[in-house]
Amino acid sequence: MANLNPDHLKAVMELINQSPFFSLLAMSVVDLGVGYSRVEVDLSSRHLNPFGGVHGGVYTSLIDTAAYWAVYCEIAEDAGFISLDVAVTMLSAVKEGHLLVEGKRIKTGRTVCIAEAAVFDERERCLAHGISKQLVTPGLQTIDQALKSLGHKQLPPKFAV
């Protein structure tokens, strides 16, 4: 595999962190590399269920996001991918604080990729764990389409020459 361009990774993180859904949940991809990603969120009332704990959908969205971006660096620059499924196990509820989500690639295939992610609180307790499958979709959900959707111009090349 060609070397990743650090300028591309920085620009991708800036781009995706400005997306409407990321803003809605106030989450950010803070690190991205071959086979991993890290997502962070500071919890607020927007993340809570009617009982005062983090809504399971928040955990699921965080896991889906971290797993998805853990695969990004290993697919072709002109390929896209979409989540096929996400299986999440909720392990503990919290009401406030800072969450760190670590995504790790399990397998990057030509058509299907598998990754896992875990959500941790500030005390490093694992609050949720999940596994996600992504379908590689040449020409669908590519970074170029994200650029157009969010009104941005071209990014630096993904791979250094």
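Any read-out appearing in this document is the output of simple, stated calculations on the displayed coordinates, not a laboratory observation. Computed from a predicted model, the values in this text were never measured in an experiment. In this analysis, Cβ positions are derived from the backbone assuming ideal geometry, glycine residues included, and neighbour counts consider all displayed protein chains.
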For Glu74 and Leu147 in the same chain, what is the full-extension length gain: residue separation times 0.36 nm, less their Cα-Cα distance, in nm? 24.3 nm
Test of understanding: ordering Ser83, Ser19 by Cβ neighbours within 10 Å, fewest first, what list do you get? Ser19, Ser83
Computed over the chain: longest principal axis from alpha-carbon atoms vs helix 56-72 long axis, angle to nearest 10 degrees, is 20
Just list whichever of Lys95/Lys133; Lys133/Lys158; Lys10/Lys148; Lys107/Lys153; Lys10/Lys104; Lys10/Lys153 have alpha carbons separated by over 26 Å in the model shown. Lys95/Lys133; Lys107/Lys153
Tell me, Thr65, Thr60 in order of fewest to most beta-carbon neighbours within 10 Å? Thr60, Thr65
Where the centre of each part is set by its Cα atoms, how far does the range 1-58 sit from the range 103-131, in angstrom? 13
For Cys73, Cys113, ascending order of other Cβ atoms within 10 Å (fewest first) is Cys73, Cys113
Per the Kirkwood formula over distinct C-alpha pairs, the hydrodynamic radius of the chain in angstrom is 16.0
Given points 7 Å out from each Cα along the Cα-Cβ axis, report the Ile131 to Lys104 separation in nanometres with one decimal. 1.3
For the chain, what is the charge dipole size about the Cα centre, in debye to the nearest 20, if Lys and Arg each add +1 at the Cβ and Asp and Glu each add -1 at the Cβ? 220
I want to check the label-to-label distance for Phe51 and Thr111. Put each point 7 Å from Cα in the C-beta direction and report it in nm to one decimal. 4.1
To the nearest 10 degrees, how steep is helix 6-17 against the longest Cα principal axis of the chain, on a 0 to 90 scale? 50
